[in-house]
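What follows is a set of notes on a single structure, which appears directly below.
The values are calculated or read from the model by the stated rules, or taken from the named source; none is laboratory data. Just so we're clear, the structure is a prediction, and the values are computed from it rather than from any experiment. Virtual Cβ from ideal backbone geometry, glycine too; neighbours counted across all protein chains shown. Quick note on the areas: whole protein, heavy atoms, side chains included, nothing else; ligands and nucleic acids left out. Shrake-Rupley method; radii C 1.70, N 1.55, O 1.52, S 1.80 Å.
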Amino acid sequence: MKENEIRPQELFNELLRLNRLDIDKYFHNANTKSIFCPACESQGVHTFNKNEFGFDECPKCKTLYVSPRPYREYFDAYYTDSESTKFWATTFYKATEKNRREMLWKPKAQMILDKINTFSPNTQKIVDIGGGYGIFIEEFLKISSLRHLVVEPSEYLSQVCREKGLDVLMKFLEDIQINELSDATKTFVSFELFEHLHDPKEFLDTLHKLMNKNDVFIFTTLSGMGVDIRTLWDESKPVSPPMHLNFFNPKSIQILLESIGFETLEITTPGKLDIDIMNNSKENLKDRFWKDFLEYSSEEEKNNMQKYLSKNLLSSHMMIVCRKV
Ligand SMILES: [Zn+2]
(Lines give C-alpha, C1' and ligand atoms only; values in the text may rest on other atoms or scores of the structure.)
Protein backbone atom coordinates (compact mmCIF):
# COMPACT_ATOMS: atom_id res chain seq x y z
CA MET A 1 0.00 0.00 0.00
CA LYS A 2 1.20 3.52 -0.84
CA GLU A 3 0.12 6.80 0.72
CA ASN A 4 -1.21 8.05 -2.62
CA GLU A 5 -3.66 5.15 -2.85
CA ILE A 6 -5.53 6.21 0.27
CA ARG A 7 -4.52 9.88 0.44
CA PRO A 8 -3.94 11.29 -3.07
CA GLN A 9 -1.55 14.21 -2.64
CA GLU A 10 -3.61 16.55 -4.79
CA LEU A 11 -6.77 16.05 -2.75
CA PHE A 12 -4.84 16.08 0.48
CA ASN A 13 -3.25 19.40 -0.43
CA GLU A 14 -6.67 20.81 -1.32
CA LEU A 15 -7.98 19.64 2.05
CA LEU A 16 -5.10 21.42 3.77
CA ARG A 17 -5.72 24.57 1.73
CA LEU A 18 -9.41 24.67 2.71
CA ASN A 19 -8.38 23.97 6.25
CA ARG A 20 -6.24 27.10 6.33
CA LEU A 21 -9.20 29.19 5.13
CA ASP A 22 -11.43 27.64 7.78
CA ILE A 23 -8.93 28.53 10.45
CA ASP A 24 -9.34 32.21 9.60
CA LYS A 25 -13.09 31.81 9.70
CA TYR A 26 -13.53 29.74 12.86
CA PHE A 27 -10.46 30.33 15.01
CA HIS A 28 -9.37 33.91 14.37
CA ASN A 29 -9.15 35.66 17.76
CA ALA A 30 -10.53 32.56 19.51
CA ASN A 31 -10.33 32.45 23.29
CA THR A 32 -7.76 29.91 24.32
CA LYS A 33 -6.49 28.20 27.43
CA SER A 34 -3.03 26.78 28.13
CA ILE A 35 -3.20 23.13 29.06
CA PHE A 36 -0.84 20.67 30.72
CA CYS A 37 0.30 17.47 29.04
CA PRO A 38 -2.88 15.50 28.29
CA ALA A 39 -1.09 12.25 29.22
CA CYS A 40 0.86 12.94 32.42
CA GLU A 41 -0.21 16.50 33.31
CA SER A 42 3.33 17.91 33.32
CA GLN A 43 4.03 21.44 32.12
CA GLY A 44 4.84 21.27 28.42
CA VAL A 45 7.45 23.26 26.49
CA HIS A 46 6.51 25.30 23.44
CA THR A 47 8.05 23.75 20.30
CA PHE A 48 6.51 25.38 17.22
CA ASN A 49 3.48 27.11 15.75
CA LYS A 50 1.49 25.64 12.92
CA ASN A 51 -1.59 27.13 11.23
CA GLU A 52 -1.52 29.74 14.01
CA PHE A 53 -1.84 27.04 16.67
CA GLY A 54 0.90 26.57 19.25
CA PHE A 55 2.30 23.11 19.98
CA ASP A 56 3.79 22.07 23.30
CA GLU A 57 5.82 18.95 23.87
CA CYS A 58 5.88 17.24 27.24
CA PRO A 59 9.47 16.97 28.51
CA LYS A 60 8.57 13.86 30.50
CA CYS A 61 6.53 11.68 28.14
CA LYS A 62 7.06 13.36 24.75
CA THR A 63 3.38 13.86 24.00
CA LEU A 64 2.93 16.60 21.38
CA TYR A 65 -0.25 18.65 21.74
CA VAL A 66 -1.95 21.91 20.87
CA SER A 67 -1.65 24.46 23.65
CA PRO A 68 -2.94 27.06 24.22
CA ARG A 69 -6.10 25.32 23.09
CA PRO A 70 -9.15 27.21 21.81
CA TYR A 71 -12.35 26.50 23.73
CA ARG A 72 -14.52 23.63 22.58
CA GLU A 73 -17.25 25.83 21.05
CA TYR A 74 -14.92 26.84 18.19
CA PHE A 75 -14.26 23.21 17.30
CA ASP A 76 -17.97 22.39 17.45
CA ALA A 77 -18.70 25.12 14.89
CA TYR A 78 -15.77 24.04 12.74
CA TYR A 79 -16.85 20.38 12.67
CA THR A 80 -20.49 21.25 12.06
CA ASP A 81 -20.19 23.29 8.89
CA SER A 82 -16.66 24.11 7.74
CA GLU A 83 -15.60 23.69 4.11
CA SER A 84 -12.71 21.38 4.96
CA THR A 85 -14.93 19.07 7.01
CA LYS A 86 -17.40 18.90 4.11
CA PHE A 87 -14.62 18.29 1.59
CA TRP A 88 -13.27 15.46 3.74
CA ALA A 89 -16.68 13.82 4.18
CA THR A 90 -17.71 14.09 0.52
CA THR A 91 -15.10 14.68 -2.23
CA PHE A 92 -12.13 13.16 -0.44
CA TYR A 93 -14.15 10.30 0.94
CA LYS A 94 -15.75 9.39 -2.41
CA ALA A 95 -12.48 9.55 -4.33
CA THR A 96 -10.78 7.19 -1.90
CA GLU A 97 -13.66 5.01 -0.69
CA LYS A 98 -12.86 1.94 -2.79
CA ASN A 99 -9.16 1.91 -1.98
CA ARG A 100 -9.79 2.63 1.67
CA ARG A 101 -12.28 -0.19 1.95
CA GLU A 102 -9.91 -2.69 0.36
CA MET A 103 -6.61 -1.49 1.80
CA LEU A 104 -7.59 -0.13 5.21
CA TRP A 105 -10.96 -1.39 6.39
CA LYS A 106 -10.84 -5.03 5.24
CA PRO A 107 -7.49 -5.74 6.90
CA LYS A 108 -8.55 -3.69 9.93
CA ALA A 109 -11.71 -5.78 10.35
CA GLN A 110 -9.60 -8.94 10.37
CA MET A 111 -7.10 -7.40 12.77
CA ILE A 112 -9.85 -6.36 15.21
CA LEU A 113 -11.45 -9.80 15.05
CA ASP A 114 -8.06 -11.34 15.89
CA LYS A 115 -7.65 -8.95 18.85
CA ILE A 116 -11.13 -9.80 20.13
CA ASN A 117 -10.40 -13.52 19.86
CA THR A 118 -7.14 -13.02 21.76
CA PHE A 119 -8.12 -10.51 24.43
CA SER A 120 -11.88 -10.72 24.78
CA PRO A 121 -13.20 -14.01 23.39
CA ASN A 122 -16.44 -13.61 25.38
CA THR A 123 -17.41 -10.47 23.46
CA GLN A 124 -21.04 -10.52 22.36
CA LYS A 125 -21.29 -7.08 20.80
CA ILE A 126 -18.98 -4.64 19.02
CA VAL A 127 -19.63 -0.90 19.41
CA ASP A 128 -17.98 1.45 16.89
CA ILE A 129 -17.66 4.98 18.31
CA GLY A 130 -17.69 7.57 15.53
CA GLY A 131 -18.55 4.92 12.96
CA GLY A 132 -18.89 7.39 10.07
CA TYR A 133 -20.08 5.71 6.89
CA GLY A 134 -20.19 2.33 8.64
CA ILE A 135 -17.59 0.72 6.38
CA PHE A 136 -15.64 -0.87 9.19
CA ILE A 137 -18.75 -2.52 10.66
CA GLU A 138 -19.88 -3.65 7.18
CA GLU A 139 -16.53 -5.34 6.64
CA PHE A 140 -16.48 -6.72 10.17
CA LEU A 141 -19.91 -8.32 9.82
CA LYS A 142 -18.68 -10.20 6.73
CA ILE A 143 -16.32 -12.18 8.96
CA SER A 144 -18.06 -12.17 12.34
CA SER A 145 -21.54 -12.90 13.69
CA LEU A 146 -21.22 -10.63 16.74
CA ARG A 147 -23.98 -8.13 17.43
CA HIS A 148 -23.08 -4.54 16.60
CA LEU A 149 -23.86 -0.89 17.24
CA VAL A 150 -22.59 2.21 15.44
CA VAL A 151 -22.40 5.37 17.57
CA GLU A 152 -22.41 8.32 15.19
CA PRO A 153 -23.51 11.87 16.07
CA SER A 154 -23.88 13.19 12.51
CA GLU A 155 -27.42 13.00 11.18
CA TYR A 156 -26.26 12.52 7.60
CA LEU A 157 -23.80 9.72 8.39
CA SER A 158 -26.26 7.99 10.75
CA GLN A 159 -28.76 7.91 7.90
CA VAL A 160 -26.16 6.41 5.54
CA CYS A 161 -25.54 3.66 8.12
CA ARG A 162 -29.26 2.99 8.59
CA GLU A 163 -29.70 2.65 4.84
CA LYS A 164 -27.06 -0.05 4.94
CA GLY A 165 -29.16 -1.85 7.56
CA LEU A 166 -26.81 -1.10 10.44
CA ASP A 167 -27.92 -0.43 14.03
CA VAL A 168 -27.14 3.19 14.86
CA LEU A 169 -27.27 5.34 17.95
CA MET A 170 -27.22 8.95 16.70
CA LYS A 171 -25.45 10.57 19.64
CA PHE A 172 -22.20 11.92 20.96
CA LEU A 173 -20.60 9.50 23.37
CA GLU A 174 -21.12 11.87 26.30
CA ASP A 175 -24.88 11.99 25.69
CA ILE A 176 -25.40 8.23 25.86
CA GLN A 177 -27.26 6.87 28.89
CA ILE A 178 -26.03 3.57 30.20
CA ASN A 179 -29.47 1.97 29.67
CA GLU A 180 -29.14 2.65 25.92
CA LEU A 181 -26.41 0.04 25.80
CA SER A 182 -27.36 -3.57 26.43
CA ASP A 183 -25.87 -5.70 29.18
CA ALA A 184 -23.90 -7.76 26.64
CA THR A 185 -20.14 -8.17 27.02
CA LYS A 186 -18.78 -5.56 24.65
CA THR A 187 -15.72 -4.56 22.73
CA PHE A 188 -15.70 -0.84 21.93
CA VAL A 189 -13.65 0.40 18.99
CA SER A 190 -12.78 3.82 17.60
CA PHE A 191 -10.56 4.63 14.67
CA GLU A 192 -8.60 7.80 13.98
CA LEU A 193 -10.72 9.73 16.46
CA PHE A 194 -8.44 10.22 19.42
CA GLU A 195 -6.12 12.75 17.77
CA HIS A 196 -9.17 15.00 17.19
CA LEU A 197 -10.48 15.04 20.75
CA HIS A 198 -10.69 18.33 22.56
CA ASP A 199 -10.38 16.59 25.91
CA PRO A 200 -9.05 13.02 25.62
CA LYS A 201 -9.21 12.38 29.37
CA GLU A 202 -12.85 13.36 29.53
CA PHE A 203 -13.61 11.10 26.55
CA LEU A 204 -11.96 8.12 28.25
CA ASP A 205 -13.68 8.90 31.56
CA THR A 206 -17.05 8.96 29.81
CA LEU A 207 -16.34 5.73 27.99
CA HIS A 208 -15.09 4.07 31.19
CA LYS A 209 -18.41 4.85 32.88
CA LEU A 210 -20.36 3.31 29.98
CA MET A 211 -18.32 0.11 29.97
CA ASN A 212 -18.92 -3.00 32.06
CA LYS A 213 -16.04 -4.45 34.02
CA ASN A 214 -13.82 -6.49 31.66
CA ASP A 215 -15.20 -4.83 28.52
CA VAL A 216 -12.40 -4.05 26.09
CA PHE A 217 -11.65 -0.87 24.15
CA ILE A 218 -9.52 -1.02 20.99
CA PHE A 219 -8.56 2.19 19.24
CA THR A 220 -6.15 3.63 16.71
CA THR A 221 -4.58 7.05 16.72
CA LEU A 222 -1.47 8.88 15.54
CA SER A 223 1.71 8.34 17.53
CA GLY A 224 3.89 11.41 17.92
CA MET A 225 6.91 9.11 18.21
CA GLY A 226 6.23 7.87 14.67
CA VAL A 227 9.27 8.37 12.49
CA ASP A 228 7.54 10.46 9.83
CA ILE A 229 6.17 12.86 12.46
CA ARG A 230 9.45 13.10 14.39
CA THR A 231 11.55 13.75 11.29
CA LEU A 232 9.15 16.10 9.49
CA TRP A 233 7.97 17.68 12.76
CA ASP A 234 6.23 21.00 12.02
CA GLU A 235 6.28 20.11 8.29
CA SER A 236 4.44 16.84 8.92
CA LYS A 237 1.09 16.94 7.09
CA PRO A 238 -0.88 15.07 9.78
CA VAL A 239 0.30 17.71 12.26
CA SER A 240 -2.60 19.80 11.06
CA PRO A 241 -4.66 21.67 13.63
CA PRO A 242 -7.53 22.21 14.17
CA MET A 243 -8.14 18.66 12.91
CA HIS A 244 -5.40 16.95 14.87
CA LEU A 245 -4.65 18.18 18.37
CA ASN A 246 -3.12 15.28 20.30
CA PHE A 247 -0.13 13.12 19.43
CA PHE A 248 0.28 10.60 22.21
CA ASN A 249 2.81 7.80 21.88
CA PRO A 250 2.97 4.16 22.99
CA LYS A 251 4.32 5.09 26.41
CA SER A 252 2.30 8.21 27.15
CA ILE A 253 -1.06 6.72 26.16
CA GLN A 254 -0.49 4.04 28.75
CA ILE A 255 0.00 6.67 31.47
CA LEU A 256 -3.33 8.26 30.57
CA LEU A 257 -5.23 4.96 30.35
CA GLU A 258 -3.99 3.74 33.70
CA SER A 259 -4.82 7.05 35.41
CA ILE A 260 -8.46 6.43 34.45
CA GLY A 261 -8.74 2.78 35.42
CA PHE A 262 -7.93 0.91 32.25
CA GLU A 263 -5.47 -1.95 32.08
CA THR A 264 -3.33 -1.75 28.95
CA LEU A 265 -3.29 -5.12 27.23
CA GLU A 266 -1.34 -4.38 24.07
CA ILE A 267 0.12 -1.43 22.17
CA THR A 268 1.38 -1.88 18.64
CA THR A 269 2.20 0.39 15.71
CA PRO A 270 1.00 -1.63 12.71
CA GLY A 271 1.52 1.31 10.31
CA LYS A 272 2.83 0.64 6.83
CA LEU A 273 3.22 4.13 5.39
CA ASP A 274 5.86 6.02 7.36
CA ILE A 275 8.70 5.61 4.86
CA ASP A 276 6.41 6.40 1.95
CA ILE A 277 5.09 9.51 3.72
CA MET A 278 8.65 10.68 4.33
CA ASN A 279 9.49 9.99 0.71
CA ASN A 280 6.52 12.10 -0.43
CA SER A 281 7.77 15.02 1.69
CA LYS A 282 11.49 14.48 1.34
CA GLU A 283 12.14 18.09 0.34
CA ASN A 284 11.18 18.96 3.94
CA LEU A 285 13.41 16.38 5.62
CA LYS A 286 16.38 17.92 7.36
CA ASP A 287 17.97 14.87 8.92
CA ARG A 288 20.85 13.61 6.77
CA PHE A 289 20.38 9.94 7.71
CA TRP A 290 16.77 9.78 6.57
CA LYS A 291 17.26 12.02 3.54
CA ASP A 292 20.08 9.86 2.30
CA PHE A 293 18.42 6.62 3.31
CA LEU A 294 15.51 7.41 0.99
CA GLU A 295 17.82 8.14 -1.94
CA TYR A 296 20.31 5.40 -1.30
CA SER A 297 18.16 2.39 -0.40
CA SER A 298 16.41 -0.16 -2.58
CA GLU A 299 12.68 -0.85 -2.34
CA GLU A 300 13.42 -4.01 -0.43
CA GLU A 301 15.58 -2.16 2.08
CA LYS A 302 12.87 0.44 2.52
CA ASN A 303 10.32 -2.31 3.14
CA ASN A 304 12.60 -3.88 5.69
CA MET A 305 13.02 -0.55 7.44
CA GLN A 306 9.24 -0.04 7.49
CA LYS A 307 8.78 -3.46 9.07
CA TYR A 308 11.44 -2.70 11.64
CA LEU A 309 9.79 0.62 12.55
CA SER A 310 6.36 -0.97 12.91
CA LYS A 311 7.71 -3.75 15.06
CA ASN A 312 9.55 -1.38 17.40
CA LEU A 313 6.64 1.01 18.11
CA LEU A 314 8.11 3.68 15.84
CA SER A 315 5.37 3.95 13.21
CA SER A 316 2.96 6.87 13.53
CA HIS A 317 -0.10 4.60 13.21
CA MET A 318 -0.76 3.18 16.69
CA MET A 319 -3.27 0.62 17.96
CA ILE A 320 -4.14 0.21 21.62
CA VAL A 321 -6.04 -2.58 23.35
CA CYS A 322 -7.16 -1.93 26.92
CA ARG A 323 -9.68 -3.28 29.40
CA LYS A 324 -11.81 -1.77 32.13
CA VAL A 325 -10.69 -3.33 35.39
ZN1 LIG B 1 3.54 14.11 29.58
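For segment 57-76, which residues satisfy the criterion of being more than 9 Å from the ligand (Cβ to nearest atom) and among the basic types (Lys, Arg)?
Arg69, Arg72 - these are the residues of segment 57-76 that are more than 9 Å from the ligand (Cβ to nearest atom) and among the basic types (Lys, Arg).
Mind listing whichever residues of segment 119-169 are part of a helix (DSSP H, G or I), out of contact with any strand residue (DSSP E or B) (no Cβ under 8 Å at 6 or more places or on another chain) and open to solvent by 20 Å² or more (accessible area, probe 1.4 Å)?
Glu138, Glu155, Tyr156, Leu157, Gln159, Val160, Glu163
Is it the case that segment 32-42 has a residue that's within 14 Å of the ligand (Cβ to nearest atom), basic (Lys, Arg) and either out of contact with any Phe, Trp or Tyr (no Cβ under 8 Å at 6 or more places or on another chain) or in contact (Cβ under 8 Å) with a residue 12 or more places away in the chain (or both)? Explain how you work it out, then say what you get.
Let us first name the residues in segment 32-42 that are within 14 Å of the ligand (Cβ to nearest atom), namely 35-42.
Adding the requirement that they be basic (Lys, Arg) leaves none.
Looking through segment 32-42, none of the residues is within 14 Å of the ligand (Cβ to nearest atom), basic (Lys, Arg) and either out of contact with any Phe, Trp or Tyr (no Cβ under 8 Å at 6 or more places or on another chain) or in contact (Cβ under 8 Å) with a residue 12 or more places away in the chain (or both).
Can you name the number of the only condition in (1) open to solvent by 10 Å² or more (accessible area, probe 1.4 Å); (2) part of a helix (DSSP H, G or I) that Leu257 fails?
Here Leu257 meets the rest and fails (1).
Out of the residues in segment 215-252 that are among the acidic types (Asp, Glu) and either touching a Pro at 6+ places or on another chain (Cβ under 7 Å) or open to solvent by less than 10 Å² (accessible area, probe 1.4 Å) (or both), which is farthest from Arg69 (Cα to Cα)? Talk me through it step by step, then tell me what you get.
Start the filter on segment 215-252 by keeping residues that are among the acidic types (Asp, Glu), which leaves 215, 228, 234-235.
From what is left, the residues that are either touching a Pro at 6+ places or on another chain (Cβ under 7 Å) or open to solvent by less than 10 Å² (accessible area, probe 1.4 Å) (or both) are 215, 228.
Numbers: Asp215: 32, Asp228: 24 Å.
Per the stated criteria, the residue is Asp215.
Condition check: within 16 Å of the ligand (Cβ to nearest atom), on the phi < 0 side of the Ramachandran plot and open to solvent by 40 Å² or more (accessible area, probe 1.4 Å). Does Lys94 satisfy that?
Judged against the criteria, Lys94 is not a match.
Count, please, the residues in segment 43-76 that happen to be open to solvent by 20 Å² or more (accessible area, probe 1.4 Å) and closer than 25 Å to Leu314 by Cα. Full working, then the answer.
Let us first name the residues in segment 43-76 that are open to solvent by 20 Å² or more (accessible area, probe 1.4 Å), namely 43, 45-47, 49-52, 57, 59-60, 62, 68, 71-74, 76.
Next, from what is left, pick out any that are closer than 25 Å to Leu314 by Cα: 43, 45-47, 49-50, 57, 59-60, 62.
So the answer is 10.
Scanning for something of a type in the set (D, E, K, R) and not in a helix (DSSP H, G or I), does segment 305-322 turn up at least one residue?
no
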